Amino acid sequence: MTDAAQAAPWQGSVALVLGSSTGGVGRHVSSLARGLLAAGCRVLVCGPAATDELFGFTAAGAEFAAVEIPASPGPQDSSAIRSLRRALARHELDVVHAHGLRAAFVAGLSRPTAPLVVTWHNAVLARGLRGSASALVERIVARSATLTLGASEDLVARAESLGAREARLGAVAAPVGGAPKRTRAAVRAEFRVAAGVPLILSVGRLHPQKRYDVLLEASGRWRDLDPAPVTVVAGSGPSYMLLAQRASELHAKFYLLGHRTDVPDLLAGADIAVVTSDWEARQLFAQEALRAGVPLIATAVGGLPGLVGDAAVLIPPGDVDALDRAVRELLADPARRADLAARGPRRAATWPTEEDTVADVLAAYASVASVRAGQG
C-alpha cells in the first residue's frame, strides 16, 4: 500500500470535469468518482451528457451537470465555458479536477474559485496549424493548473517545459475487467478460426494515432504463413472506411469487429495481442492483455515501456517490418510466448490499484486545499 493510502484520507467537495470520451479517460473518471464517494467526498461530475449515459456517474451516486465539451476547439467553447462556470458556481467546491487538455482548457477559462488540478492523459500529435493551436492550449493549461498530474513521465516533462507550477506523475489504474464468459473455442468459432490457426487481437478506437494501418499492412504479409494468422480489431472510429478498403485491396485476413463489450472473451481466444500506436500513456488494452496472460507486442512510445517492462515485445512505432518480424518470431517460438504469458500477470500485479489511485488524488487534493487554506 502507498504512503498516501496509509495517511488520513482527505474529505471535501470535488468537481471532476471531462470532455467527450468513450474510453480510457471516461473509465478513469468513473473509477475516481466511485472511489471518492466511498471515501466520503461530495462529487460533482461535469461533462457531456453522453458520458453520464456511458459511464454511469449519476447511477454511482455523483451529482452530474451536463457540459458539452467537444473533442476539438471551436466557437462552441464559449458556451462550454459559460455552462461550466454556472455549474461550478452552484456548489461550494474545495477542488476542481479536470481530465484531459480539452476539459482542462475549458475549466481554466471558467476561472474556478477552487484550486484546479489537471490530469494530462494524452500527448498532442497534430502538426501544422492544428498542432500550433494545440500547443497554445497546452501552454494555457499548464500555467492555469495549481497542480498537474501526468499519466506518463513524458507528459510530466512536457507540462514542466510549458511552465506548470507543480507537476508530478499521477497514479492511473485500469479498472479490472471481468472474467471471460465464453470459452476459447467458442470465441474462435465466432470468427471461424480453426484449431491451430493463430488469432491476433487489437482493441482501441479506430483513429490515426492508433496506427492500425501498420497492423493491416503487416497482416497482409502473413498470408504466406502456414497456417496464416487471422487478425481482428475491436473498436469504432473515423479510420474505419480507410482500413476496410485497404484490407480488401490486400486480401488480408484482417477483420474490423466494431465496438465490443466482451474484451475478456476476445482475449481468451487470442494468441497474440498487438498495440501499434504512435503514442500512449497507460494504454488500457495493453494492461488488459498482460493481466490476461496474452503475449503482447507494443510500440516503445510514451508510457508503454514503463508500463509493460520486460513483459512484452517492444518495437518502434510506424515500422511494418518490425511488427512483421516480431509476430513471425513469436509464432515460431512457443516457449517465448509461454514466458511472456507468465510475465504479464506478474507485471500487472505491480501496477497501482484503483484504491491506490484514489488515495493518490486524495493526497493531491489535500495538498492544494491546504495551500489555499494557508493563503486564506
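Against the definition (closer than 30 Å to Ala363 by Cβ, touching a Leu at 6+ places or on another chain (Cβ under 9 Å) and buried (at least 16 other Cβ atoms within 10 Å of the Cβ)), how does Val193 come out, yes or no?
no
Let's see how each residue does on (1) in contact with a Leu (Cβ under 9 Å, 6 or more places away or on another chain); (2) more than 30 Å from Ser219 (Cα to Cα):
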{"site": "Ala341", "(1), (2)": "no, no"}
{"site": "Gly344", "(1), (2)": "yes, no"}
{"site": "Thr350", "(1), (2)": "no, yes"}
{"site": "Ala363", "(1), (2)": "no, yes"}
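Tell me which residues, restricted to the range 301-352, are over 15 Å from Ser277 (Cβ atoms), touching a residue at least 60 places away in the same chain (Cβ under 8 Å) and among the hydrophobic types (A, V, I, L, M, F, W, C).
Val327, Leu331, Ala348, Trp351
Taking Ala159 as the residue in question, decide whether it is in contact with a Ser or Thr (Cβ under 6 Å, 6 or more places away or on another chain), at pLDDT 95 or above, in a loop (DSSP other than H, G, I, E, B) and not assigned by TED's automatic domain parsing to the domain that holds Gly237.
No; evaluated as a whole, the condition is false for this residue.
Taking Leu215, is it within 24 Å of the chain's Cα centre (by Cα), in contact (Cβ under 8 Å) with a residue 24 or more places away in the chain and surrounded by 20 or more Cβ atoms within 10 Å (Cβ to Cβ)?
yes
Quick grid of which residues meet (1) outside the structural domain of Ser152 (by TED's automatic domain parsing); (2) surrounded by fewer than 20 Cβ atoms within 10 Å (Cβ to Cβ); (3) in a loop (DSSP other than H, G, I, E, B); (4) in contact with a Gly (Cβ under 6 Å, 6 or more places away or on another chain):
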| position | (1), (2), (3), (4) |
| --- | --- |
| Ser277 | yes, no, yes, no |
| Gly302 | yes, no, yes, no |
| Val327 | yes, no, no, no |
| Leu330 | yes, no, no, no |
| Arg336 | yes, yes, no, no |
| Ala342 | yes, yes, no, no |
| Asp356 | no, yes, no, no |
| Leu362 | no, no, no, no |
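What residue, among those in the range 168-184 that are among the hydrophobic types (A, V, I, L, M, F, W, C) and touching a residue at least 24 places away in the same chain (Cβ under 8 Å), is farthest from Ala123 (Cα to Cα)?
Of everything passing the filter in the range 168-184, Ala179 is farthest from Ala123 (Cα to Cα).
Can you name the number of the only condition in (1) under 19 Å from Arg325 (Cα atoms); (2) out of contact with any Phe, Trp or Tyr (no Cβ under 7 Å at 6 or more places or on another chain); (3) in a loop (DSSP other than H, G, I, E, B) that Ile297 fails?
That leaves (3) as the condition not met.
Can you name every one of the helices (runs of 4 or more DSSP H) wholly within the range 40-94 that holds 3 or more residues which are surrounded by fewer than 20 Cβ atoms within 10 Å (Cβ to Cβ) and among the small types (Gly, Ala, Ser)?
Per the criteria, 77-89.
Name the one entry in Val176, Val172 that is surrounded by fewer than 16 Cβ atoms within 10 Å (Cβ to Cβ), outside any strand (DSSP E or B) and under 15 Å from the mean Cα position of the chain (by Cα).
Val176
The values are calculated or read from the model by the stated rules, or taken from the named source; none is laboratory data. Please read all numbers here as calculations on a predicted model, not as lab measurements. Cβ atoms come from the backbone with ideal geometry, glycine included; neighbour counts cover every protein chain shown.
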